[in-house]
Amino acid sequence: MAGLASAAASAAGYQSMAPTGRWYGETFTGLRRGSKKIALTFDDGPNDPYTLKLVEVLAKHDVRATFFFIGRYVQQRPDIARAVANAGHAIGNHTFTHPNLIFSSAVQVQTQLQECERALDDAVGEHSNLFRPPFGGRRPVSLRVARSLGLETVMWNVTGWDWKLGTADYIEKKIRGQIRGGDVILLHDGAHTGMGADRSQTVIVTDRLITRYKAEGYDFVTVPEMMEKTAVRLHSSARNNNSVETRR
């Protein structure tokens with residue numbers, strides 16, 4: 001019995017962090033295998049100077065991506081957030097301070113999401129209703145709170161582990177080994193630990209990936225485009241709703 005309990009606990013922990021896990025609720029992780037669409041996503045910005053360097057690379061290739069911003073960084077650099085929005089990229093909620101939500105109460109989750117929404121509203125106005133949990137960590141309560149605020153949770157199915165500060169060659173090799181089509185790729189334009197993180201290798205990899213996969217007939221799209229939805233302003237409840245789920 002002890003062994004079964006340990007295995008169950010281990011599986012539950014895995015599902016709370018696994019990008020494609022479904023135990024705790026449905027999330028968007030991409031399209032069916034073989035699709036010719038790819039969505040580049042960048043977490044933990046805005047970050048000076050690498051967010052804008054990525055915007056330059058994306059503009060060179062006429063590609064739009066999806067950025068999941070941390071609210072406190074948006075407050076620090078609203079000019080960068082606006083530049084990303086003005087370039088036509090989708091912007092989503094990555095909480096206000098980037099906590100691991102598997103350890104957060106319903107009230108804490110709601111506060112994190114609403115404070116990030118306020119920062120995004122103030123900096124860029126209209127933006128998507130997409131949310132990505134920090135570290136990928138989520139439980140039923142965090143997904144319920146997100147839904148109650150009109151947010152759709154987006155995960156990923158390909159990652160380059162660029163937060164480990166590997167070389168561009170290392171990151172590219174990791175990603176190329178996972179691409180199957182219909183993919184949502186996780187990369188980072190910043191770091192939750194502080195402004196100014198070095199994401200130069202991510203910039204290089206982004207340029208390489210677009211060049212390679214465009215030549216192979218892939219179409220780079222935003223997550224709202226992949227979901228066949230427009231990037232629309234959030235329901236007012238996401239900013240102003242004071243109610244909260246009490247279940248944990």
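The values are calculated or read from the model by the stated rules, or taken from the named source; none is laboratory data. What you are looking at is a predicted structure, and each value in this text was computed from that prediction instead of being measured. Counting neighbours? That spans all protein chains shown, and the Cβs are built from the backbone with ideal geometry, glycine included. Calculation scope for accessible area: heavy atoms of the full protein, side chains included, ligands and nucleic acids excluded. Shrake-Rupley method; radii C 1.70, N 1.55, O 1.52, S 1.80 Å.
Pairs, please: C-beta under 7 Å, at least 6 apart or cross-chain, first residue closer than 14 Å to ASN129 by Cα and among the hydroxyl-bearing types (Ser, Thr, Tyr) and in segment 95-119, second in a helix (DSSP H, G or I) and open to solvent by less than 60 Å² (accessible area, probe 1.4 Å)?
Between residues of segment 95-119 that are closer than 14 Å to ASN129 by Cα and among the hydroxyl-bearing types (Ser, Thr, Tyr) and residues that are in a helix (DSSP H, G or I) and open to solvent by less than 60 Å² (accessible area, probe 1.4 Å), the close pairs are THR95/GLY71; THR95/GLN112; THR95/LEU113; THR95/CYS116; THR95/PRO134.
Scan segment 93-108 for residues that are of a type outside the set (A, V, I, L, M, F, W, C) and either farther than 13 Å from ARG139 by Cβ or part of a helix (DSSP H, G or I) (or both) and report the count.
Qualifying residue count for the region: 6.
Can you tell me which of (1) closer than 22 Å to HIS188 by Cα; (2) of a type in the set (Phe, Trp, Tyr); (3) out of contact with any Pro (no Cβ under 9 Å at 6 or more places or on another chain) is the one TYR73 doesn't meet?
Unmet condition: (3).
Output the number of residues of segment 121-134 satisfying the condition of being in a helix (DSSP H, G or I) and of a type in the set (Gly, Ala, Ser).
Of the residues in that region, 1 qualify.
Is it the case, given these coordinates, that LEU58 is at pLDDT below 95 and surrounded by 19 or more Cβ atoms within 10 Å (Cβ to Cβ)?
Considered against the rule, which asks whether it is at pLDDT below 95 and surrounded by 19 or more Cβ atoms within 10 Å (Cβ to Cβ), LEU58 comes out as no.
Within the bounds of segment 38-47, is there any residue that is open to solvent by 70 Å² or more (accessible area, probe 1.4 Å) and either modelled with pLDDT under 95 or out of contact with any strand residue (DSSP E or B) (no Cβ under 8 Å at 6 or more places or on another chain) (or both)?
No, the conditions are met nowhere in segment 38-47.
Just one of the numbered conditions (1) open to solvent by 10 Å² or more (accessible area, probe 1.4 Å); (2) under 21 Å from PRO133 (Cα atoms); (3) over 15 Å from the mean Cα position of the chain (by Cα) is not true of ALA87; which one?
(2)
Do we find that THR111 is assigned to a helix (DSSP H, G or I), under 25 Å from ILE185 (Cα atoms) and not charged (D, E, K, R) in this structure?
No; evaluated as a whole, the condition is false for this residue.
When you look at LEU209, is it closer than 19 Å to ASP62 by Cα and part of a strand (DSSP E or B), yes or no?
no
Looking at ARG32, ARG118, ARG64, ARG72, which is the one that is at pLDDT 95 or above and farther than 25 Å from ARG199 by Cβ?
Residue meeting the stated conditions: ARG118.
Take the residues of segment 125-171 that are open to solvent by 50 Å² or more (accessible area, probe 1.4 Å) and charged (D, E, K, R): which is nearest to VAL223 (Cα to Cα)?
Applying the filter and picking the extreme gives GLU152.
Kindly indicate the residue of segment 135-159 that is at pLDDT below 95 and part of a loop (DSSP other than H, G, I, E, B) and also farthest from ILE70 (Cα to Cα) among those meeting that condition.
Going through the qualifying residues, I end up with ARG139.
Can you find, within segment 172-220, the residue that is least open to solvent (accessible area, probe 1.4 Å) among those that are free of Cβ contacts under 8 Å to residues at least 12 places away in the same chain and more than 26 Å from ARG33 (Cα to Cα)?
GLY194
Residue by residue through segment 42-94, note down the ones that are aromatic (Phe, Trp, Tyr) and over 25 Å from GLN110 (Cα atoms).
Across segment 42-94, the qualifying residue is only TYR50.
Which pairs do you get when a residue that is within 22 Å of GLY30 (Cα to Cα), found in segment 62-86, comes within reach of a residue that is open to solvent by 70 Å² or more (accessible area, probe 1.4 Å) and of a type in the set (A, V, I, L, M), reach meaning Cβ atoms under 8 angstrom, with the pair 6+ apart or on two chains?
Taking only residues 6 or more apart or on different chains, not a single pair turns up.
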